[in-house]
Every structure is written in structure tokens, then in C-alpha cells.
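Single-structure report; data block below.
The values are calculated or read from the model by the stated rules, or taken from the named source; none is laboratory data. These numbers come from a predicted model, not from an experiment. Ideal geometry is used to build each Cβ from the backbone, glycine not excepted, and the neighbour counts take in all protein chains shown. Heads up: the accessible areas ignore ligands, DNA and RNA and are worked out on the full protein's heavy atoms, side chains in. Shrake-Rupley method; radii C 1.70, N 1.55, O 1.52, S 1.80 Å.
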Amino acid sequence: MGEFKVHRVRFFDYMPAGIRCMSFNYKTQRLALARQDGTVEILNFSDNYFQEKVIPGNDSRSIEAVCWVGERLFTAGLNGEITEYDLFNLRSKYSLDAFGGPIWTLACNAQGTHLAVGCEDGSVKVFEVFEEKIRFEKNLDRQKGRIVSLSWHSSGTQIAAGMLDMIRIFDVQSGRAVQRMLVDRGATGRRGQECVVWSVAFLSDRTVVSGDSAGKVQVWDGGMGTLVRTHLVSKWDVLCLSVSQDETSLVAGTSEGTVVQFQFLSATLGEGEGEQEWVRTRTFKHHTHDVRTVLELERAIVSGGLDTQLVVRPLLDKVEVKSYDTGLRKIHFPHRSLVSCAKQAGLLLFQFPAHLELWRLGESDAHGCPGDSLPVRRKPEKLLELKRKGEEHISCSALSRCGGWLAYSSVSSVRLFRLNCKGNQLSIVKISKLPKVLSSAHQLCFSADSSKLFAASSLSSVHVISLSQSECKYVHTFKPASGCTEPVHLLAASADGAWLATANRACEVHVYSLRKLKSHCTVPVYGSCPSAMAIHPTTNNLLVVHADHQIFEYSIAEKRYTDWSRKLQREGLHPLWFERDTPITHVNFNPQKPAQFLLHDMYMFCVVDQSQPLPDRTTQFYNQLTLRSLSEEERPSRSHAFKVCKRFQPLLSMHTLEDGALVVVERPLLDITTQLPAPVRQKKFAT
């Protein structure tokens, strides 16, 4: 593997926001989730749960509900507005005030023609969905309390609404309430408290299922307005419900962090079909805090909440072949870079939603054996905290290789700064006049000599900006020949300043010539989205890693895959390589050994040596301990190209400095947990 002097960085206090709501698009296999800070994320469940897109949050936007209508995405929140998103430019397309105060819930009918929202003023408002916009159609009968939850009947003719102490069923055509169902407030100690119906589900047979603040899941006959069955599942709130597509199973999320499953089963055992009813079957405990949203998909239960993690729990009774892919999966961190490194200057830039932090790495003059902790001569130092202007969150940021330039972008503006660091003195100058084309960016990147800034903009285009001491000038805009409009999420510039590679969400990888300012070639499209890429500093080979863990090396000069890449695809990667939960997020090259490149995901980093033979299926993949026990003569026969290290985790970022040192940025999960509010008090044995 080789020896590295490692800067172990744990002072990046990244804190993800809690998950507030989710919606799943069965047609495209995309999950949209909204966090408490207003950020919207879209994950592709058919591509190894890869986080395809992130729409930055806004301080003025509080999202309470999210909903797919076809391939269009809508949210609603406490600002009283319904928002539709532009999924190509990753911003809000437009917002429409519902004029009912804060909106607590949003739901779409099965036909995809109408949206309904539940408002603070007790009104249920119905909007008709058109090709470009939505338009208000009618108000249903106004109630006294706020509307907290909504669910459409599959016919689209009725809506069930949950509120304080009550469930109402509305006829959409007339707007009248046709049923009223009073909810019991529960235990004696809660008699004086209002019972909030946090979630309702309206089934096709007119059954209504509700979850409330008294910890009950109740089954109602929606036609008669009568209570059929009560399940007390928690001493605290039942916050969310989700029903499977075939309506034979439902799950409920509670404030205790549990997810409870119910199934529609026969009440009697034996031959013949008896009367069926909803029976509590399983309880899962994968969260420490409130489960704010839950979805039951065809083969898995997906849940999220205040503890910030997205949990995918496969239903093993619906899986034919049990394998690694059917194991529990937890997604903690974004699949994009939040850390930039100035490799020459030894600086790190950390991206937060509201500000940026610039740190200087520490130094040590000592030497030691592998595994030793070296004494620090100079501690890491925070040089700068740069706060963004306005309410929009920072979407991307970049630091130049020399540490002299810093840039960041929000949804509506790009800001560029000139840095001058001498000793302990840091001066920063904002570049006030930017080219008009530089209005916003999905991704930013500086050239290796810090003379150019590359900004991925709308319609899959990339702007090239020339930098000087006091100003910047527009040079050129690259656009893909395919005409693709999906946003660019990866940029990679070559060390000699000749090439720029881009990757977009349509899985396209384009290479442009920076000297001729035109398209050079397009890498053959692979079905999985690129998750990381980089250009080798000496060979100019483009290395691309995809969300399904496949690795490709492409020769830019020869416009073809390299011999090593073809050999890798021919022989195949080791099966254990695919048994990982998180995608590769960074590619780095070893400056001291050109044949080596470094990859990392959340749980490991791997040094790949192209001069070594590839491991086959019978080879021991994790073989470091074995190699150490062998003599120098025996080692080459047991060695292979992949060397995996799991000492540092969870990993947010990893970079190689010009002196050969390694910078590893970790974010321990315990540090995140300790910053969360206290969970609900639960009785434990012997306490």
C-alpha cells in the first residue's frame, strides 16, 4: 500500500438537518426527501440509492410536505406557499400562495390531476394541475381547527382529513363533509389534551387508517363513520403512516424511534379464508429520535426523522434471494463534496449551509513507525469564517490549488474572492465585477495553475472564466453536443491545463479542449451515474467511478478505454468490492507513485496499484494482515492491486497534498448524535 503521513482532521463540525417528509415516484424509482432546513434531495433507488440531485435550502422556506405529480415535484410549508421545482436547474420554478396560512400537508390524487393542501385556517384547498402551473379550483368545507393530514381516495372523489380530535371525509365534487369521526383522546392522563391526527390513509375499500398523538393506530369504516379497531402502539405520538401499493400492509412511525408494521391477515388459522383484519406483525427500532416520515415500498421500508439518517430496511419476506443487497442500509452523509483542499498551500475549505470556514493544516517534523501518532509542532488554525449574504443556502464552493482564490455559489449568485495569506495574516478581497453569465453554478472548479474558474451552469453548460489579480473575464461556454439539459455535478481539470471533463446526471461524461475551446470527445455512456472522477496528472487518463462501484479509465488522447480498464472489465471486480453501502466520492492520485490512485467512500479508503495483478474471485480481498505475516520473498505472490484501509471512518473527504501527505476528514457519528435534542423519555429496565 505504501506509507503516508496522514493529517487526521476532525474539526469539520458538519451537522446534517433532520428529515421532515418524503415521497416516492414508483415510475422513475426516485425518492424525494425534504429536510428541516428546507433542502430537497432526490435519490435514485434503481442506481444503488445514489443521491442524484440536491436543491439547496432557504432560511425563509420551511417544508412540511413533499409530493410527486408524474415527474414533477411539489412541496408546501409553513410559509403558506406551494412550490414546484425546476429539476434541471435545481431551484424553485415558482411559488403560489394558498391564502390559508401555514400549510401542514399536501397530497395528490391517483390520477395526477389535482393537489389538495391542508391549511392552518381549517380549509382544504384543491388545485388543478396543468402542464406548466397549478391553478386554484375550490375550497372544501372549512373546519374550526387546522388540517394536519390528508389522503385521497383512489377514485379521486373523496378526501380524508385529519385534524384535532377528529377525522373528516369530504366529497370533492360538492365540497361538503360527508363523514365525521371523533378520535378518543386515549389514556386518562391525556383527557385534558387535544388529540392530533398526525396522519391518515384512505384505502380503496373506504377504510380509513389514522395515527395520532395518543399513540394509537386506528382503523375506521369510512362509509359508516365507525371505529373498527384500535392498536395502541406507543406511549407517545404516532407521527406518520404509509400503505403498500397493494394495500395489504402498512407501517407507522412513532416518536420513540420505532417503525411498526401492520398486515391485512386472516384472523383465524387453518384451512379456508376467514375474515381478514389489520394485525400488528413487526416492530423495527433503527432510529434514536422521532420518525417523522415513513414509506412502505415494494420490498423495503424507508424511514427518516430527527436523527438525520435515512434508513432502508428490506422486507425479507418479499425478497426471493437473500444477499448483501438485502441488508439494512443507512445513509448519513451527502454523496457530494463539502470539502475543498489547496494542495500547495495546505488549506482546507469547509462548506456549511450559511457560511464557509478556511483552515490551515497543522505541521509535525517528527518521524515514526506506521500507526504512530506524531507530535504536532503547529496546531490547525481557523483562518477565516465567511458568511453568505441573503437567505439562500450555499450550493457549492471551491478553493484554488495555490490557496489564492475562493468561490462559492447559491441558487441566484456566484461570489469570488482573492486570498492573500502571509504568515498569520490573511487578507481577502471580493471581486466585485463578475461576468453576467456567472449568475449561479451547480459546481465550481479552479484550474491547476489557478488561472481559470470553471462553473457548471444551467442546461448542462460550463462557463470558463479567466482570472487575474483584480478582475475576471468571460472566455467561453462549453455545451454538450447531445443537447442534454441535466445538471453537471462533477468537474475535473487536467494538471497541464489542456482538458476539462464534465459529468452530468444523465450519466454523460464529456471532455473539452481548453486550448482549442471545443468539444474533444464523449466517453461511452454507462448506465450508472458517475459519483467521482479525476484526470491523471501525468498520463491525462480520465478515471471515472460510478454509483454501482464500477471503475473505468479512459485515455483522452487516444479517445478509448485504456488497456488496464479493459482488463478490469474483462476479469471483473472482486465480489467484496460491490458489498459496500456508500458510493466512491473522491478520486486522488499518489504524487510519489504514478501507478497508484486512491478512492474512498464513507467507511474505507482504497489504494489501487495498476502495476499489481487484479484479484480474482478466489483471492483474499482484505489481505493486509496476511501480507504482514509473510516474508519479503512470499509477499509478491499474494499481493494484488486493491489495498483497503478501514481505520478512518466515517469519511467525508480525502485529499493528497503535493508533499505526498494524506488529508483525511472524518465526522464521527457520535459527534452528530450528541448535538441532537434529547429523545423522548423511555422507561428502561432497572431505571
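What to note about this one:
- From phi via Karplus (6.51, -1.76, 1.60), per-residue ³J(HN,Hα) for the range 401-412 in Hz, x at Gly/Pro: 4, 7, x, x, 10, 9, 9, 8, 9, 10, 5, 10
- Candidate aspartates and glutamates for bridging to LYS389, where Cα separation is under 13 Å - those fewer than 8 sequence places away on the same chain excluded: ASP59
- With the Kirkwood sum run over all distinct C-alpha pairs, the range 506-550 has a hydrodynamic radius of 11.6 Å.
- Hz values of 3J(HN,Hα) by residue in the range 579-585 - Karplus curve (6.51, -1.76, 1.60), Gly and Pro given as x: 8, 9, 7, 10, x, 5, 10
- Close amide H contacts of ALA498 (hydrogens built in the peptide plane, cut-off under 5 Å, sequence separation of 5 or more or a different chain): none are found.
- Largest-first ordering by accessible area, 1.4 Å probe, given options ASP59, ASP86: ASP59, ASP86
- Between the beta carbons of LYS433 and PHE88, assuming R0 = 45 Å, the FRET efficiency works out to 0.95 to the nearest 0.05.
- Taking only protein heavy atoms and a 1.4 Å probe, the accessible area of the range 462-583 is 49% carbon and sulfur.
- Under the Karplus curve 6.51 cos²θ - 1.76 cosθ + 1.60, θ = phi - 60°, whole-Hz ³J(HN,Hα) for the range 451-458, x wherever Gly or Pro sits: 9, 9, 10, 10, 10, 7, 10, 5
- With N counted as the residues of the range 333-458, its alpha-carbon radius of gyration over 2.2 N^0.38 Å works out to 1.16.
- Cβ crowding within 10 Å averaged over residues, with 436-447, 608-619 ranked highest first: 436-447, 608-619
- Mean-position separation - Cα centroids, the range 618-665 and the range 391-451, in angstrom: 35
- Fully extending the segment from LYS318 to THR113 would add 70.6 nm, taking 0.36 nm per residue of separation and subtracting the current Cα-Cα distance.
- Here the accessible area of the range 347-450 is 50 percent carbon and sulfur, with a 1.4 angstrom probe and all protein chains present.
- In summary, the aspartates and glutamates within cross-link reach of LYS518, defined as a Cα separation below 18 angstrom excluding same-chain residues under 8 places away, comprise ASP496, GLU508, GLU558.
- Amide hydrogen neighbours beyond the local backbone of ASP86, cut-off 5 Å, H modeled: ARG91, SER92, LYS93
- Backbone amide hydrogens, once placed in the peptide plane, bring VAL488 within less than 5 Å of SER460, excluding anything fewer than 5 places away on its chain.
- Label-to-label distance for LEU459 and ARG282 is 4.9 nm, based on points extended 7 Å past Cα in the beta-carbon direction.
- Remark: C-alpha extents of the range 269-401 on the principal axes read 78, 49, 25 Å, sorted largest to smallest.
- Sorting 665-671, 547-553 by average packing, meaning the other beta carbons within 10 Å per residue, from highest down gives 547-553, 665-671.
- Over all directions, the projected convex hull of the C-alpha atoms in the chain averages 35.3 nm² in area.
- With a simple spin-label model that places each label point 7 Å from the Cα along the Cα-to-Cβ direction, the separation between LEU328 and ALA595 comes to 4.3 nm.
- Above-threshold pairs, the threshold being 28 Å between Cα atoms, out of LYS387/LYS516; LYS27/LYS53; LYS5/LYS646; LYS53/LYS479; LYS93/LYS479; LYS382/LYS473: LYS387/LYS516; LYS382/LYS473
- Think of a 1.4 Å ball rolled over the protein heavy atoms: the chain then has 44 Å² of accessible area per residue.
- Contact order relative to length of the chain, as percent, for alpha carbon pairs under 8 angstrom and 6 or more apart: 8
- Each helix, a run of at least 4 DSSP H residues, gives -39500 (n - 2.57); summed and divided by the residues of the chain, these come to -1000 deg cm²/dmol at 222 nm.
- What a 1.4 Å probe finds exposed on the range 47-201 is 46% carbon and sulfur by accessible area, rounded to a whole percent.
- Under 20 Å from a label point set 7 Å out along the Cα-to-Cβ vector of GLU471, the amide N atoms of the range 398-437 belong to 405-406, 414-419, 429-437.
- When each of the peptides 212-218, 620-626 is scored by how many other beta carbons lie within 10 Å of its residues on average, the order from highest to lowest is 212-218, 620-626.
- Taking a straight Cα-Cα cut-off under 14 Å and skipping sequence neighbours fewer than 8 places away in the same chain, the aspartates and glutamates within cross-link reach of LYS144 are GLU120, ASP121, ASP165, GLU194.
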